[in-house]
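The values are calculated or read from the model by the stated rules, or taken from the named source; none is laboratory data. Every value quoted in this text rests on a predicted model; they were computed, and no experiment measured them. Here Cβ is always computed from backbone atoms with ideal geometry, including for glycine, and neighbour counts include all displayed protein chains. Ligands, DNA and RNA are excluded from the accessible area calculation, which covers all protein heavy atoms including side chains. Shrake-Rupley method; radii C 1.70, N 1.55, O 1.52, S 1.80 Å.
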Amino acid sequence: MDRQATMEQGLTRAVAAPRLSAAARRRQLREKAVAGFITLMAFTGIAALVLIIVFVAKEALTLFTDADARHEASLSKMFLAQEGRYPFRWQPVSDTPKVSMIPLFVGTLKITLVSMLVAVPMGVFSALFVAEFAPRRLRELLKPVIELLAGIPSVVLGFFALMVLSPMVKDLFHLDRPLNGTLAGLALALAIVPVIFTVSEDALTAVPRSYREASLALGATLWETAWKVVLPAAAPGILAACVLGFGRAIGETMIVLMASGNADIVSWNLGDSARSLSATIAAEMGEVVVGSPHYALLFFIGVELFIFTFVLNMAASAWTKKVLQRLTGSAS
């Protein structure tokens with residue numbers, strides 16, 4: 001009886017409930033349409049990313065499925081020393097193709113490390129100054145000016161490095177070559193400082209003000225509070241800024257192409273010319289024969305860049321979780 005009475009009351013309320021007006025129905029339809037459009041755009045972006053990865057991987061697989069490609073560019077030829085005067089060379093279009101990836105790895109890491117050594121301190125400490133010490137008017141001036149640097153085209157920075165920085169760097173460090181890893185790294189740092197600064201400044205600003213007040217109440221100075229309290233609390237965000245900057249540096253093309261010298265030299269000397277993975281793709285993709293082993297090699301370089309960036313992001317994410325656990329005191 002109770003169940004039947006409950007059902008009758010529910011039916012009575014449903015019948016008695018006021019019907020939605022035409023305006024309310026139109027509003028619901030608009031909300032559903034907007035939600036559907038946003039969902040469609042999100043899935044379109046994901047699908048585009050997946051299709052790009054599939055396309056690049058499919059073209060690179062030719063190195064392992066085609067007999068001629070395997071003979072010309074086997075894994076041993078790409079990653080192991082070869083016989084001859086130069087065991088590591090990148091000459092994929094010569095009579096005897098040499099496809100060693102080692103010079104490209106060394107050049108990429110050398111240029112990227114130089115840029116990070118310059119850009120990380122500049123970006124993080126600039127963000128710390130703007131967030132903690134700069135007066136309001138100076139902060140409102142510095143922040144947009146530094147962020148505007150991100151809008152400078154990379155080809156302009158490369159031209160600036162080629163025409164202005166090159167003689168200065170050569171004379172300052174007494175280098176033999178005008179185009180070298182140091183010049184490319186310094187020019188690349190100009191491109192990634194705005195990225196590191198913007199994300200770091202947001203992370204420092206997001207630190208609760210109670211942290212600062214508690215530190216100052218215990219007798220710490222402003223510098224001690226910024227260095228020992230605010231900076232560690234913003235460490236996950238600063239790490240994310242550094243990872244984004246590293247990803248931008250390792251994938252940058254035009255600056256490295258114009259300033260590095262593009263020589264396949266296996267040398268950690270910062271005064272020597274260098275050749276990076278991304279610059280190799282940009283320099284050779286326009287003239288490569290489609291379907292050739294060289295063509296597949298360039299796509300294989302793209303896969304290597306993707307894997308390297310993915311592994312770096314995963315490692316940074318794991319480290320960030322550990323830092324957050326330590327800061328919050330939660331169990332590992």
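Over the chain, what lengths in whole Å, largest first, do the semi-axes of the equivalent ellipsoid take, defined as the square roots of 5 times the eigenvalues of the alpha-carbon gyration tensor?
Those come to 48, 34, 20 Å.
So what's the back-of-envelope 222 nm ellipticity for the chain, counting only DSSP H runs of four-plus at -39500 (n - 2.57) apiece and dividing by all residues, rounded to 500?
Using -39500 (n - 2.57) per qualifying helix, the result is -23000 deg cm²/dmol.
In whole angstrom, and with the biggest value first, how far do the Cα coordinates of region 73-132 range along each principal axis?
60, 20, 19
Show 162, 117, 157 ordered by accessible area, largest first, where the area counts protein heavy atoms only and the probe is 1.4 Å.
Output order, biggest surface exposure first: 117, 162, 157.
Tell me, in nm to one decimal, what length is gained between residue 227 and residue 33 on full extension, where the rule is 0.36 nm per residue of separation less the Cα-Cα distance?
64.9 nm
Helix hunt in the chain: which complete DSSP H runs extend at least 15 Å axially by C-alpha with mean Kyte-Doolittle at least -0.5?
Sorted by number, the helices that extend far enough and score high enough are 22-60, 102-132, 136-148, 181-205, 235-251, 293-328.
What is the log10 of I(q)/I(0) for region 22-65, computed with the Debye formula using one identical point scatterer on each Cα and no solvent, at q = 0.17, 0.21, 0.23, 0.32 Å⁻¹?
The Cα Debye sum returns log10 ratios of -0.61, -0.72, -0.77, -0.97.
Which three extents, in whole angstrom, do the alpha-carbon atoms of region 192-234 cover along their principal axes, largest first?
Cα spread of region 192-234 along its principal axes, largest to smallest: 37, 16, 12 Å.
Assuming R0 = 30 Å, what is the FRET efficiency of residue 312 and residue 220, from their Cβ-Cβ distance, to the nearest 0.05?
0.30
First compute the accessible area of region 168-279 with a 1.4 Å probe, then give the percent of it belonging to carbon and sulfur atoms.
65
Write down the accessible area per residue of the chain in Å², having rolled a 1.4 Å probe over the full set of protein chains.
About 60 Å² of surface per residue is accessible.
To the nearest 10 square angstrom, what accessible area does residue 227 show with a 1.4 Å probe?
Rounded to the nearest 10, that gives 140 Å².
Quick one: pull the percent of accessible area on region 22-65 belonging to carbon and sulfur, 1.4 Å probe, ligands and nucleic acids left out.
Carbon and sulfur together cover 77 percent of it.
Taking H as built 1.01 Å from N, whose amide H comes closer than 5 Å to the amide H of residue 99, not counting residues under 5 places away?
91
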